[in-house]
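Here, each number is a calculation from the coordinates, and none is a lab measurement. These figures come from a predicted structure and were not determined experimentally. In this analysis, Cβ positions are derived from the backbone assuming ideal geometry, glycine residues included, and neighbour counts consider all displayed protein chains.
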Amino acid sequence: MLTRAWKAYLEITLKIDAADRVAAAQVYSKYKAPILKSIPGSSSKELDVRDDDVQVLHSFKTRDLAEPCLKSELFNKDAVTALTPLLKAQPEVRIDSSN
């Protein structure tokens, strides 16, 4: 019998100038471990620095666990506040899930 693993992905795409991407990566590095430790259901977090933007892909066990991350104090008051001066547009945020 094939067992399906349920997962949800919080995908955040950030428009950041190439010159500011190192600073964005530093913010990501600073908050990666605290977010993974304090947000229930977090299972991984990855950074993808692309030619046009920066994308953070954060995985959770379920969609219901991904949604509260966006409302958490650590996410909003710390990580988002640190990234705000680097942003050239509003972040694109989506939650994709296999459940």
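Quick notes
- Stretching residue 17 away from residue 38 to a fully extended chain increases their span by 4.6 nm, per 0.36 nm per residue minus the current alpha-carbon distance.
- Given 14 as the ceiling on other Cβ atoms within 10 Å, longest exposed-site-free region of the chain for trypsin sites (Lys or Arg not before Pro) in DSSP loops: 51-87
- Modelled label positions at residue 52 and residue 87, each set 7 Å beyond Cα in the direction of Cβ, lie 1.9 nm from each other.
- The residues neighbouring residue 13, those whose beta-carbon lies less than 14 Å from its own, together hold a net charge of -3 under the Lys/Arg +1, Asp/Glu -1 convention.
- Cα lying deepest toward the dipole's positive end in region 9-97, options 19, 93, 72, charges on Cβ: 72
- Put a plus charge on the Cβ of each Lys and Arg, a minus charge on the Cβ of each Asp and Glu, and nothing anywhere else: the dipole of region 51-99 about its Cα centre is then about 200 debye.
- Using the rule -39500 (n - 2.57) for each DSSP H run of four or more residues, divided by the residues of the chain, the 222 nm mean residue ellipticity is -6500 deg cm²/dmol.
- Simple Cβ-charge dipole of the chain, Lys/Arg +1 and Asp/Glu -1, about Cα centre, in debye nearest 20: 380
- Taking all Cα-Cα distances within the chain, those exceeding 22 Å account for 27%.
- Three-way shape label, region 57-99, alpha-carbon gyration tensor, a/c 1.5: oblate
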